[in-house]
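Peer 1: First, the structure itself, so that you have it in front of you.
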């Protein structure tokens with residue numbers, strides 16, 4: 001049975017986007033589907049700040065697509081990209097600050113059989129397929145069955161939430177520029193756990 005005291009509170013999410021981003025590393029991203037639980041340790045994230053960041057979806061102002069990013073911290077912002085993939089972000093800060101943290105990679109923890117079914121549509125996988133199960137933003141959304149319907153989900157609820165786990169020391173956090181963007185490329189806003197094999201790109 002899940003310990004509700006371990007669930008991150010609203011106050012965790014309403015802080016500065018970089019504080020939240022680094023604080024998410026080592027926490028347990030969790031989804032409840034029926035009576036089953038699937039989860040993974042957050043090992044890689046990227047921060048986005050619509051007030052100064054041209055790569056952010058919210059940089060040009062509020063639209064129907066990005067309106068969840070303008071919510072108070074503590075919601076899941078899910079967007080569709082390249083006409084085929086979903087990506088999940090944790091909204092941070094106060095209402096209308098338009099800041100969020102992209103979850104880039106997870107280390108699989110609970111419900112790996114269900115993740116495998118959603119991601120690969122089979123039961124048995126190789127070691128390489130296991131390493132690649134959730135080591136990318138689109139991969140983890142497919143493994144966790146996160147789609148458009150999950151956009152706006154409150155992370156303080158019981159469907160998708162994040163649990164307290166290990167605290168990662170600053171010495172174990174790598175800081176680099178972000179991946180796969182064409183604007184604001186020099187901002188060092190990607191954070192990941194050093195030497196973790198499930199990080200999408202070293």
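The numbers here are math on the coordinates, done by the rules we state, and not lab data. Not measured: the values here are computed from a predicted model. Here Cβ is always computed from backbone atoms with ideal geometry, including for glycine, and neighbour counts include all displayed protein chains.
Peer 1: Being free of Cβ contacts under 8 Å to residues at least 24 places away in the same chain and within 20 Å of residue 194 (Cα to Cα) is the filter here; which residues of segment 19-48 pass it? So that I can check it myself, show each step before the final result.
Peer 2: Looking only at segment 19-48, we keep the residues that are free of Cβ contacts under 8 Å to residues at least 24 places away in the same chain, and these are 19, 23, 34-35.
Scanning segment 19-48 gives 19, 23.
Peer 1: Still on this model: All but one of (1) free of Cβ contacts under 8 Å to residues at least 60 places away in the same chain; (2) in a strand (DSSP E or B); (3) surrounded by fewer than 19 Cβ atoms within 10 Å (Cβ to Cβ) hold for residue 102; state the number of the condition that does not hold.
Peer 2: Going through (1) free of Cβ contacts under 8 Å to residues at least 60 places away in the same chain; (2) in a strand (DSSP E or B); (3) surrounded by fewer than 19 Cβ atoms within 10 Å (Cβ to Cβ) one by one, residue 102 breaks only (3).
Peer 1: Give the residue that is surrounded by the most Cβ atoms within 10 Å (Cβ to Cβ), with candidates limited to residues of segment 156-192 that are touching a helix residue (DSSP H, G or I) at 6+ places or on another chain (Cβ under 6 Å) and more than 26 Å from residue 51 (Cα to Cα).
Peer 2: By that ranking, first place goes to 163.
Peer 1: Here is a list of conditions, (1) assigned to a helix (DSSP H, G or I); (2) touching a residue at least 24 places away in the same chain (Cβ under 8 Å); (3) more than 13 Å from the chain's Cα centre (by Cα), and residue 113 meets all of them except one; can you say which number that is?
Peer 2: If we test residue 113 against (1) assigned to a helix (DSSP H, G or I); (2) touching a residue at least 24 places away in the same chain (Cβ under 8 Å); (3) more than 13 Å from the chain's Cα centre (by Cα), just (2) comes out false.
Peer 1: Can you tell me which residues in segment 65-84 are free of Cβ contacts under 8 Å to residues at least 40 places away in the same chain and buried (at least 23 other Cβ atoms within 10 Å of the Cβ)?
Peer 2: Once the filter is applied, which keeps residues that are free of Cβ contacts under 8 Å to residues at least 40 places away in the same chain and buried (at least 23 other Cβ atoms within 10 Å of the Cβ), segment 65-84 yields only 69.
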